[in-house]
1. With respect to T51, determine if the residue is at pLDDT 85 or above and over 10 Å from the mean Cα position of the chain (by Cα).
2. Of the residues that sit in region 26-52 and are of a type in the set (S, T, N, Q) and free of Cβ contacts under 8 Å to residues at least 24 places away in the same chain, which one is surrounded by the most Cβ atoms within 10 Å (Cβ to Cβ)?
3. Could you check, for region 67-75, whether at least one of its residues is of a type in the set (A, V, I, L, M), out of contact with any helix residue (DSSP H, G or I) (no Cβ under 7 Å at 6 or more places or on another chain), at pLDDT below 85 and exposed (fewer than 15 other Cβ atoms within 10 Å of the Cβ)?
4. Exactly one of (1) surrounded by 10 or more Cβ atoms within 10 Å (Cβ to Cβ); (2) at pLDDT below 85 is unmet by D23. Its number?
Amino acid sequence: MIARHSPSAHAAYHDLLRLPLDDRTADIRGTPTRVERKGRVYRHDSFRVSTDLRKTYIAEETPELLARIDRHPAPRALRHPQADRSRPR
């Protein structure tokens, strides 16, 4: 006999799968970058801190992840190129 979980337990499980990915895509500061290693494709958030280029891991590339990244708003510097200037040039 196969044991079934209640609908609320099933929903809670899917929330636990979805929420960490939502958090990682919500924290994107720069440009999502595609990185390929050993036949696998990963996404990293690439952003500048002073003169350094930093990368933070987002997740392994999946169609769901790409859909979430597409829904993510553009970084402030890309929306308004003049917004980051502290003084006129």
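The values are calculated or read from the model by the stated rules, or taken from the named source; none is laboratory data. Quantities reported herein were computed from a predicted structural model and do not represent experimental measurements. Virtual Cβ from ideal backbone geometry, glycine too; neighbours counted across all protein chains shown.
1. Working: at pLDDT 85 or above: yes; over 10 Å from the mean Cα position of the chain (by Cα): yes.
In short, yes.
2. Restricting attention to region 26-52, the residues satisfying the condition of being of a type in the set (S, T, N, Q) are 31, 33, 46, 50-51.
Checking the rest, the ones that are also free of Cβ contacts under 8 Å to residues at least 24 places away in the same chain come to 33, 46, 50-51.
Working: T33: 14, S46: 16, S50: 5, T51: 5.
Taking the candidates together, the pick is S46.
3. In the first step, residues of region 67-75 are kept if they are of a type in the set (A, V, I, L, M); the result is 67, 69, 74.
Going one step further and asking which of them are out of contact with any helix residue (DSSP H, G or I) (no Cβ under 7 Å at 6 or more places or on another chain), we end up with 67, 74.
Filter again for at pLDDT below 85, leaving 74.
Then drop every residue that is not exposed (fewer than 15 other Cβ atoms within 10 Å of the Cβ), which leaves 74.
Yes - at least one qualifying residue is present in region 67-75.
4. With respect to (1) surrounded by 10 or more Cβ atoms within 10 Å (Cβ to Cβ); (2) at pLDDT below 85, D23 is out only on (1).
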